[in-house]
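See structure below.
The values are calculated or read from the model by the stated rules, or taken from the named source; none is laboratory data. Predicted, not measured: the structure shown is a model, and the values here were computed from it. In this analysis, Cβ positions are derived from the backbone assuming ideal geometry, glycine residues included, and neighbour counts consider all displayed protein chains. We work out accessible area using only protein heavy atoms, side chains counted, and drop any ligands, DNA or RNA first. Shrake-Rupley method; radii C 1.70, N 1.55, O 1.52, S 1.80 Å.
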Amino acid sequence: MDIADAIVVGAGHNGLVAANLLADAGWSVLVVEATPSPGGAVRSGFVTAPGYLSDLFSSFYPLGVASPVLRELDLDLEWRHAPDVFTHLLPDGRAATVNRDISITMASMEQFAPGDGERWQSAYQEWRGLSAPLLDAVLRPFPPVRAGAELLSRLKIPGALRMARRLMLPARQLGSELFRGEGATLALAGCALHTDLSPDDAGGGVYGWLLAMLGQQVGWPVPAGGAQRITDALVDRLTERGGEIVYGQPVERVLIARGHAMGVRTAGGRDLRARRAVLADVPAPALYLDLVGERWLPTRMVDDLEHFRWDGATLKIDWAVREKIPWRNPAAAGAGTVHLGADLNGLTHYAAELATGAVPRKPFLLFGQMSTADPRHSPPGTESAWAYTHLPHREHWDAGEIDEHVARMEAVVEEHAPGFGALVAGRNVFSPAGLESADPSLVGGALGGGTAAVFQQLFLRPVPGLGRADTPVDRLFLASSSAHPGGGVHGAPGANAARAALARDRRVAGQVYRAAIGAAHRAVLG
């Protein structure tokens, strides 16, 4: 197929979501993927030892389960849960645990301060009353008119003002306002550090609150059989509807005529024509500066792209472990995810080292126990485990620096689980460069498509503009995590791009849409 209604560049999960929605609308769709396989950062493989399945990049999916986008696709998936959602291990040996049974969570938080169990329950009840319209507001196209109106009707003006303030709070401040003890605050702050934000960064609290409360509500589940099942389900659904995917075909240029995207050219010189739209599941700098080029962009946008900020680099280790992890504190044994290596002040020190470009001397780790969540990941009685930590975003890392930091990471695990190293049957290390090699969208090991900081969110993502998938080039749409609402496996950037393409293509309403978007771009970008 050298011609299709839509060309989708990139077969990551966002590109596949976009392709599925366009196919549902009756469009012919061709997905062009640079690598030999689909999925982007949603893939699995055997990289440590025979019989041990690793989820190579993302692994736990609270947003995947909660996302209205993925739910509406009705994918054929079976979700599995670890006994506990996550546990934060403190250096002094204490543990703060979130379990889908709120009474267990309450008991854990109560150990840190009398009354914090009830305070957690109160915070969760508040979340339950807002979660549906809040997730719609976050994961639907910007601005979220309907979901915003529903939120306002529930909160009223006084509540809405206070919620707006909460959304700006750092995780440390939010925790101190909601709770009295360190445990519950750490639960929020540790979740916030799944992004590139510190406990003291404005806006970080909402990420911690979102992930922790989703954990309480729906857990942090994994697909039975690994992350690859999500990708397989999206691919199967697309091909059943006539969509096609070609692999090993890097796109080197978006073909543009008179300001309209007409198709793409691959690195091999193959021109692929798009009758209606081109959607790009690639990072914003790659789309605008490499595939489009400055010629077709407003000067102000080119200038703004110089200030685009990546999220931090990532270093990830996968292990095949012959037995279950020998945790010093058994509270970690049943957790799908374990946060370890720092208390609240330790998280701040860790983040400060990253902010200054230094390699943290004692890294904070996110540690996954995949077999505890889904026994299919490894033989009975064993564990397929992983850990990742953040590094400063750099163009180059020496192999010796990576080896030294791997040793630091394993020392943190050994401190909390004595004897862990002796149980390791195999190991795989993804350096920042290794992550980018496996998935070119993970530039420099950045997982989120750009920083989660407030200055690069909503209508400021990826640069100041409309906060929508539409680009200054007509019929070209940004469908990656560089677009609103950003990183995570929820499919929203892809869905937003597909909806924008469909809106633009309508016969009568599409003319109004195109005129409005064009005028808005001229107003904000010049």
Q. Somewhere in segment 458-472, is a residue surrounded by fewer than 24 Cβ atoms within 10 Å (Cβ to Cβ), of a type outside the set (V, I, T), touching a strand residue (DSSP E or B) at 6+ places or on another chain (Cβ under 7 Å) and not in a loop (DSSP other than H, G, I, E, B)?
A. no
Q: Please state which one of F367, F308 is out of contact with any Gly (no Cβ under 6 Å at 6 or more places or on another chain), touching a residue at least 24 places away in the same chain (Cβ under 8 Å) and farther than 18 Å from L442 by Cα.
A: F367
(Q) Could you tell me how many of the residues in segment 77-98 are crowded, with 16+ Cβ neighbours inside 10 Å and over 22 Å from the mean Cα position of the chain (by Cα)? (A) 6
Q: Please identify the pairs in which a residue from segment 477-495 that is within 12 Å of L139 (Cβ to Cβ) and assigned to a loop (DSSP other than H, G, I, E, B) has its Cβ atom under 8 Å from the Cβ atom of a residue that is open to solvent by less than 10 Å² (accessible area, probe 1.4 Å) and among the aromatic types (F, W, Y), counting only partners at least 6 apart or on another chain.
A: V489/Y61
Q) For the subset of segment 496-524 comprising residues that are more than 18 Å from F459 (Cα to Cα) and touching a residue at least 24 places away in the same chain (Cβ under 8 Å), which member is most open to solvent (accessible area, probe 1.4 Å)? A) R514
Q. Is it fair to say G263 is in a loop (DSSP other than H, G, I, E, B) and either at pLDDT below 95 or on the phi > 0 side of the Ramachandran plot (or both)?
A. no
Q. Does any residue of segment 380-402 turn out to be touching a residue at least 40 places away in the same chain (Cβ under 8 Å), assigned to a helix (DSSP H, G or I) and of a type outside the set (A, V, I, L, M, F, W, C)?
A. yes
Q: Identify, from the list P38, P62, the residue that is out of contact with any Cys (no Cβ under 6 Å at 6 or more places or on another chain) and within 23 Å of L366 (Cα to Cα).
A: P62
Q) Of all residues in segment 329-355 being farther than 20 Å from A373 by Cα and assigned to a loop (DSSP other than H, G, I, E, B), which is most open to solvent (accessible area, probe 1.4 Å)? A) D343
**Q.** Residue match in segment 291-313 (condition: in a strand (DSSP E or B), touching a helix residue (DSSP H, G or I) at 6+ places or on another chain (Cβ under 7 Å), open to solvent by less than 40 Å² (accessible area, probe 1.4 Å) and not basic (K, R))
**A.** yes
Q: Can you tell me which residue among G40, G26, G51 is crowded, with 24+ Cβ neighbours inside 10 Å, of a type outside the set (V, I, T) and on the phi > 0 side of the Ramachandran plot?
A: G40
Q.
Yes or no: segment 62-80 includes at least one residue that is under 24 Å from E414 (Cβ atoms) and small (G, A, S).
A. no
**Q.** Test for D201: is it among the charged types (D, E, K, R) and either touching a His at 6+ places or on another chain (Cβ under 6 Å) or under 30 Å from A352 (Cβ atoms) (or both)
**A.** yes
